[in-house]
Amino acid sequence: AIGERGLPEPLVTIPVADIEGIQFDLEKRSVRIGKVYTADARFEAWMDVGGVVNLQPLFMPVESGREPVVPEPKPKGPAPEPWGVAVDQVEVRNYRAKFEDRTLTTPGVVEVDSLDVTVKDVQIPFRKPLPVSLSLTLNQTGHVDVRGRVAIEPMTADLEMTIAQIAIKPF
């Protein structure tokens, strides 16, 4: 959980996070992960009247007063092959987020609930489109469902999307 001093509740909570089936191959410079799973996270954020999102200051670096560490020069010669990372499945289940825009006269609120995301066959560097699925409830009445494939390099998407009961007035 991550919170701000003086607030009774944390702003970010991620109670469930799990990684299964980790394999390393030092010779091939590769990592394979069977499954990354996280669930039941909660996020609460707002943009204040000055346009600053409340979570930004929580992640700002703190001045240490120490001298910065100077990296050693890189050795000459060919660069080693980059590490490859493969993840069979990434699952995000039951996430909830609330965002309030306080720059408006009447603050706008967007609530996302029951957010589920699944991504399969992730390979870094990205070599092929990723099968993805996403579903969520928006502002308690709307539902969004997305299924298909997304490629990172170049950025492309082939998706089937269903959107129902979105209340337009709050936007």
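Output the residues belonging to the range 150-164 that are open to solvent by 80 Å² or more (accessible area, probe 1.4 Å) and closer than 24 Å to Val87 by Cα.
Within the range 150-164, Glu153, Pro154, Met155, Asp158, Glu160 meet the criteria.
Somewhere in the range 81-95, is a residue open to solvent by less than 90 Å² (accessible area, probe 1.4 Å), acidic (Asp, Glu) and either in contact with a Pro (Cβ under 6 Å, 6 or more places away or on another chain) or part of a loop (DSSP other than H, G, I, E, B) (or both)? Give the steps one after another, and end with the answer.
Filtering the range 81-95 for residues open to solvent by less than 90 Å² (accessible area, probe 1.4 Å) gives 84-95.
Now restrict to residues that are acidic (Asp, Glu): 88, 91.
Still in the list and also either in contact with a Pro (Cβ under 6 Å, 6 or more places away or on another chain) or part of a loop (DSSP other than H, G, I, E, B) (or both): none.
Among the residues of the range 81-95, not one is open to solvent by less than 90 Å² (accessible area, probe 1.4 Å), acidic (Asp, Glu) and either in contact with a Pro (Cβ under 6 Å, 6 or more places away or on another chain) or part of a loop (DSSP other than H, G, I, E, B) (or both), which makes the answer no.
Applying the selection to the range 99-110, what residues are loosely packed, with under 15 Cβ neighbours inside 10 Å and either of a type in the set (S, T, N, Q) or under 18 Å from the mean Cα position of the chain (by Cα) (or both)?
Result: Thr103, Thr105, Thr106, Val110.
Give the residue that is surrounded by the most Cβ atoms within 10 Å (Cβ to Cβ), with candidates limited to residues of the range 133-149 that are at negative phi, touching a residue at least 24 places away in the same chain (Cβ under 8 Å) and not hydroxyl-bearing (Ser, Thr, Tyr).
Of all residues in the range 133-149, those at negative phi come to 133-138, 141-147, 149.
Restricting the remaining residues to those that are touching a residue at least 24 places away in the same chain (Cβ under 8 Å) gives 136-138, 141-142.
Filter once more, so that each one left must be not hydroxyl-bearing (Ser, Thr, Tyr): 136, 138, 142.
On the way: Leu136: 18, Leu138: 21, Gly142: 17.
The residue in question is Leu138.
Which condition does Gly3 not pass, out of (1) in contact with a Leu (Cβ under 6 Å, 6 or more places away or on another chain); (2) within 26 Å of Val119 (Cβ to Cβ), if it passes all the others?
(2)
Out of (1) assigned to a strand (DSSP E or B); (2) open to solvent by 50 Å² or more (accessible area, probe 1.4 Å); (3) not β-branched (Val, Ile, Thr), the odd one out for Gly34 is which?
(2)
For the range 4-31, give me each residue that is at pLDDT below 95, over 18 Å from Val87 (Cβ atoms) and surrounded by fewer than 12 Cβ atoms within 10 Å (Cβ to Cβ).
Across the range 4-31, the qualifying residues are Arg5, Gly6, Leu7, Pro8, Glu9, Leu26, Glu27.
The values are calculated or read from the model by the stated rules, or taken from the named source; none is laboratory data. Predicted, not measured: the structure shown is a model, and the values here were computed from it. Cβ atoms come from the backbone with ideal geometry, glycine included; neighbour counts cover every protein chain shown. All accessible areas refer to the heavy atoms of the entire protein, side chains included, with ligands and DNA or RNA removed. Shrake-Rupley method; radii C 1.70, N 1.55, O 1.52, S 1.80 Å.
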